[in-house]
Amino acid sequence: MFTLNLFSASIAFVTLIIILLIPTNLNMYSHIIIIFSFQILFDAIAVEWLYTLEEDFIYITIRSFIFQVISMILMFVLVKSKEDYLLYVMITTFSLGGSYIFNFIHSKKYVKLRINTNFFNT
């Protein structure tokens, strides 16, 4: 599952970069899109499926709550006007990405994650 997530995220990220290289109306939003695109990478390492499988809902709840509170505090402290939209996007991405990075680190409690190079042959 981990390998499949990394593979899918890589395809999505490369596709997004190609789309951003083509001159379109999206180019004026490229800063926002690039920051939000990190969520694709974070999602690849999230291993949310592991915590659902292990039924470790207390960990998920506590981790989510902590990152949501931190993000809310950062929003109130840093985002003051509509010109701060990039800060808003970064804080939103931090909230999700931070949770997923902690998932990845904490997953060692249950499994040893590695890239399976033979996943097409199984």
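The values are calculated or read from the model by the stated rules, or taken from the named source; none is laboratory data. Please read these numbers as outputs of a predicted model, since none were measured by experiment. Counting neighbours? That spans all protein chains shown, and the Cβs are built from the backbone with ideal geometry, glycine included.
Laid out as a table, the results:
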quantity: Unmet criterion (only one of (1) closer than 25 Å to Arg114 by Cα; (2) in contact (Cβ under 8 Å) with a residue 24 or more places away in the chain; (3) of a type in the set (A, V, I, L, M, F, W, C); (4) in a helix (DSSP H, G or I)) for Ile60; calculated: (2)
quantity: Residue that is modelled with the lowest pLDDT, among those in the range 71-114 that are of a type in the set (Lys, Arg) and out of contact with any Asp or Glu (no Cβ under 9 Å at 6 or more places or on another chain); calculated: Arg114
quantity: Qualifying residue in the range 57-72 (condition: over 18 Å from the mean Cα position of the chain (by Cα) and more than 19 Å from Ala9 (Cα to Cα)); calculated: yes
quantity: All positions within the range 1-20 that are aliphatic (A, V, I, L, M) and assigned to a helix (DSSP H, G or I); calculated: Leu4, Leu6, Ala9, Ile11, Ala12, Val14, Leu16, Ile17, Ile18, Ile19, Leu20
quantity: Failed condition for Pro23, given (1) in a helix (DSSP H, G or I); (2) farther than 30 Å from Thr3 by Cβ; calculated: (1)
quantity: In the range 88-115, the residues that are surrounded by 15 or more Cβ atoms within 10 Å (Cβ to Cβ) and either free of Cβ contacts under 8 Å to residues at least 12 places away in the same chain or of a type in the set (S, T, N, Q) (or both); calculated: Thr92, Thr93, Ser95, Ser99, Asn103, Ser107
quantity: Subset of the range 28-43 [loosely packed, with under 13 Cβ neighbours inside 10 Å and touching a residue at least 40 places away in the same chain (Cβ under 8 Å)]; calculated: His31
quantity: Counted residues, the range 26-57 - those being in a helix (DSSP H, G or I) and under 26 Å from Arg114 (Cα atoms); calculated: 16
quantity: Checklist (1) over 26 Å from Thr3 (Cα atoms); (2) surrounded by 17 or more Cβ atoms within 10 Å (Cβ to Cβ); (3) not basic (Lys, Arg) applied to Ala46, failing item; calculated: (1)
